[in-house]
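This report concerns only the one structure given below.
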């Protein structure tokens with residue numbers, strides 16, 4: 001007997017018929033003799049509708065009350081799925097975040113999980129019931145208020161429950177059948193990756209691949225929770241296993257996937273004083289606007305007096321970043337400010353890059369042959385990212401996918 005945590009997203013539970021279909025998938029897992037916990041999201045579109053209600057009432061809502069409203073979508077889904085399971089003869093019980101003991105900090109709308117007691121879950125499992133839990137929500141540690149985890153938070157809920165229960169695996173069911181070498185809509189030859197490391201998945205999630213929420217992968221890595229990405233519509237497929245690098249046999253696997261993100265804007269500050277504390281002042285001001293800065297490049301100062309500073313931010317936060325810079329422009333004597341929201345980031349990811357030289361050069365060469373200019377570069381042990389013109393995104397993805405032979409079967413398997 002194994003303990004399986006299953007998670008179903010909004011598209012999987014989009015209406016009552018789909019919920020009945022999910023109940024059959026869960027029932028099949030239970031019929032194998034396994035203990036089963038199911039985490040679910042709100043029905044597709046429901047959270048957006050609730051957010052819309054909030055915005056109709058208040059342009060600047062109190063975030064505690066915001067969470068009170070948007071957390072209700074999951075409560076509907078868990079009750080319906082528990083009822084659907086009972087209707088086909090499977091004993092089931094549903095729990096909200098507070099009922100299962102999911103405790104978070106007080107950062108409403110983007111709360112972080114502190115602890116999960118899961119005592120009621122354990123008692124229900126001991127009674128051979130399927131437990132259905134609400135994703136995306138918990139209660140604050142000091143006041144007991146409802147707090148939500150941010151978009152994609154149901155993934156994090158599922159992995160946290162799996163970690164708390166020491167589950168054998170956490171299956172994330174979605175509308176795709178696994179993690180692919182790149183977006184199949186751009187490259188039809190893209191392949192499903194049978195197994196991928198936590199670090200590779202983290203990079204792909206943070207760089208634009210939307211299969212798993214980044215925080216859920218961080219949680220899985222921290223607590224060593226094996227995660228499988230599977231399709232609700234092809235439940236018989238094994239999908240993609242996300243696990244530890246040391247549990248994967250790696251041979252000649254240079255690059256595992258290509259990720260891209262069009263939600264990028266580039267800001268360049270020219271004539272910035274080349275002096276200690278200037279960069280700190282600039283980025284502290286941007287941080288105060290709650291703008292997330294990604295890549296940063298500072299040019300070498302030729303005259304030891306001024307330099308150019310470029311950085312990227314999410315496209316929808318560009319104006320807030322520019323406002324922060326404008327407030328400092330006179331004080332820091334910034335000569336010019338240039339902004340470009342027609343850029344994209346394209347990245348290659350693979351743990352095999354740690355032991356191979358020349359990967360970045362191969363990437364740059366492939367892009368150059370197509371006349372694609374690179375504006376910024378960022379690297380890590382398992383990633384190389386380039387900022388390019390947005391209009392070349394699809395071409396760059398196709399070229400790099402072919403360059404690194406990702407359409408072919410990789411020699412990458414479990415030990």
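The values are calculated or read from the model by the stated rules, or taken from the named source; none is laboratory data. Quick caveat, the model's predicted, so the values are computed rather than measured. Cβ atoms come from the backbone with ideal geometry, glycine included; neighbour counts cover every protein chain shown.
Could you pull out the residue among 15, 60 that is more than 22 Å from residue 163 (Cβ to Cβ) and modelled with pLDDT under 95?
On inspection, the qualifying residue turns out to be 60.
Restricting attention to the range 394-414, does a residue exist that is in contact with a strand residue (DSSP E or B) (Cβ under 7 Å, 6 or more places away or on another chain), outside the structural domain of residue 276 (by TED's automatic domain parsing), surrounded by fewer than 16 Cβ atoms within 10 Å (Cβ to Cβ) and assigned to a strand (DSSP E or B)?
yes
Just to be sure I understand, how many residues within the range 13-41 are part of a helix (DSSP H, G or I) and surrounded by 23 or more Cβ atoms within 10 Å (Cβ to Cβ)?
Restricting attention to the range 13-41, the residues satisfying the condition of being part of a helix (DSSP H, G or I) are 16-31.
Now restrict to residues that are surrounded by 23 or more Cβ atoms within 10 Å (Cβ to Cβ): 22-23, 26.
Total satisfying the criteria: 3.
If you check every pair at least six apart or on different chains, which have Cβ atoms under 8 Å apart with a residue in the range 315-339 that is free of Cβ contacts under 8 Å to residues at least 12 places away in the same chain first and a residue that is in a strand (DSSP E or B) second?
The qualifying pairs are 326/337; 329/337.
Tally time: how many residues in the range 106-120 are closer than 21 Å to residue 224 by Cβ, in contact with a helix residue (DSSP H, G or I) (Cβ under 7 Å, 6 or more places away or on another chain) and not in a strand (DSSP E or B)?
Adding up the residues that qualify gives 1.
Do we find that residue 321 is touching a helix residue (DSSP H, G or I) at 6+ places or on another chain (Cβ under 6 Å), within 20 Å of residue 271 (Cβ to Cβ) and surrounded by 18 or more Cβ atoms within 10 Å (Cβ to Cβ) in this structure?
So residue 321 passes the test.
Report whether or not residue 44 is touching a helix residue (DSSP H, G or I) at 6+ places or on another chain (Cβ under 7 Å) and either assigned to a loop (DSSP other than H, G, I, E, B) or free of Cβ contacts under 8 Å to residues at least 60 places away in the same chain (or both).
In short, no.
Among the residues of the range 1-12, count how many are at pLDDT 95 or above and crowded, with 20+ Cβ neighbours inside 10 Å.
Counting residues in the range 1-12 that are at pLDDT 95 or above and crowded, with 20+ Cβ neighbours inside 10 Å gives 5.
Consider residue 358 against the criteria (1) more than 27 Å from the chain's Cα centre (by Cα); (2) in contact (Cβ under 8 Å) with a residue 24 or more places away in the chain; (3) over 30 Å from residue 286 (Cα atoms); (4) surrounded by fewer than 17 Cβ atoms within 10 Å (Cβ to Cβ): it satisfies all of them except one. Which criterion is unmet?
Residue 358 satisfies every listed condition except (2).
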